[in-house]
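Chemist: Structure below; questions to follow.
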Amino acid sequence: MNTLKREHQTRFGIALGSNLGDRLNHFRTGLKALLHHVDGIKLLDLAPVYETDPVDCPPGSQAFLNTVVEVQTCLDAHALHRVLQGIEVLLGRPEQRERNSPRPLDLDILYAGDQIIDDDVLTVPHPRLHLRRFVLQPLADIRPELIVPGQGKTVAELVAILQEDDGAVRLVAREW
């Protein structure tokens with residue numbers, strides 16, 4: 001995959017979600033592909049895996065597994081986004097699909113250091129990060145002190161703000 005590099009390293013949070021097939025294996029395969037396709041990328045941390053009910057998905061959608069990884073790379077956010085999209089397609093995600101449709105693997109950039117990006121291709125931090133327990137809980141497990149750019153609160157504080165009905169998460173695996 002073609003990648004553009006910068007001089008300095010950036011820490012990225014990446015959300016992983018899957019609700020089709022061998023969900024946990026999709027995580028492992030996607031992470032291996034990411035580490036293989038990006039020269040010099042460093043895996044900093046892996047969050048536990050949680051199962052959650054589908055949010056804003058078509059009727060009949062299966063439960064999701066969700067987790068977060070943190071990596072460090074010289075890639076810029078747009079280049080990393082292109083790599084992540086390529087991995088999704090490699091693992092069977094159709095390029096043309098219904099919004100929030102079931103998928104083998106969904107990879108989203110949650111944050112890119114302290115950058116704020118909002119253009120036609122990419123929005124970072126993820127625009128719904130602060131509203132979704134299925135993203136915040138695994139992120140809180142690895143980076144509770146992280147202050148999400150534009151939020152002014154730590155991840156732990158954002159989790160505490162969520163109401164009980166904002167989506168239950170069930171721990172599936174501490175290590176994967």
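Any read-out appearing in this document is the output of simple, stated calculations on the displayed coordinates, not a laboratory observation. All of these numbers come straight from a predicted model, not from anything done at the bench. Cβ placement follows ideal geometry from the backbone for every residue including glycine, while neighbour counts extend to all protein chains displayed.
Chemist: Can you classify region 27-124 as rounded, prolate or oblate using the Cα gyration tensor, where a ≥ b ≥ c are the square roots of its eigenvalues, rounded means a/c under 1.5, and otherwise it's prolate if a/b beats b/c and oblate if not?
Modeler: Working: a/c = 1.62, a/b = 1.41, b/c = 1.15.
Prolate.
Chemist: When the helix-only estimate is applied to the chain (DSSP H runs of n ≥ 4, each -39,500 (n - 2.57), divided by the residue count), what is the mean residue ellipticity at 222 nm, nearest 500 deg cm²/dmol?
Modeler: Calculated from helices alone, the mean residue ellipticity at 222 nm is -8000 deg cm²/dmol.
Chemist: Extension gain Val89-Gln151, at 0.36 nm per residue separation less the Cα-Cα distance, in nm? It would help to have the intermediate numbers written out before the result.
Modeler: Details: separation 62, 0.36 × 62 = 22.32 nm, distance 3.14 nm.
Here the segment from Val89 to Gln151 would lengthen by 19.2 nm.
Chemist: Give me the dipole magnitude in Debye, nearest 20, for region 5-173 about the Cα centre, with unit charges on the beta carbon: positive for Lys and Arg, negative for Asp and Glu. Working shown, then result.
Modeler: Numbers: 18 positive and 24 negative charges, 87 e Å.
Dipole about the Cα centre, nearest 20: 420 debye.
Chemist: Next question, about the same structure. Calculate the spin-label point distance for Leu44 paired with Asp56, positioning each point 7 Å from the Cα along the beta-carbon direction, and give it in nanometres.
Modeler: Modelled inter-label distance: 2.6 nm.
Chemist: Sticking with this structure for a sec: Mind checking the full-extension length gain between Asp76 and Leu171? Use 0.36 nm per residue of separation minus the Cα-Cα distance, one decimal, nm.
Modeler: On the way: separation 95, 0.36 × 95 = 34.20 nm, distance 3.21 nm.
Taking 0.36 nm per residue and subtracting the Cα distance, the gain is 31.0 nm.
Chemist: Report, in whole Å, the centroid distance computed from the Cα atoms of region 54-84 and region 106-132.
Modeler: One Cα centre to the other: 10 Å.
Chemist: Indicate the gyration tensor shape class of region 59-176 (rounded, prolate or oblate), computed on the Cα atoms with a ≥ b ≥ c the square roots of the eigenvalues: a/c under 1.5 is rounded; otherwise a/b larger than b/c is prolate and the rest oblate.
Modeler: Details: a/c = 1.58, a/b = 1.10, b/c = 1.44.
Since a/c reaches 1.5 but b/c is at least a/b, the shape of region 59-176 is classed as oblate.
Chemist: Okay, moving on. Using a 10 angstrom cutoff on alpha carbons, build the Gaussian network for the chain and name the most mobile of Asp22, Asp45, Asp141.
Modeler: Answer for the Gaussian network model of the chain: Asp22.
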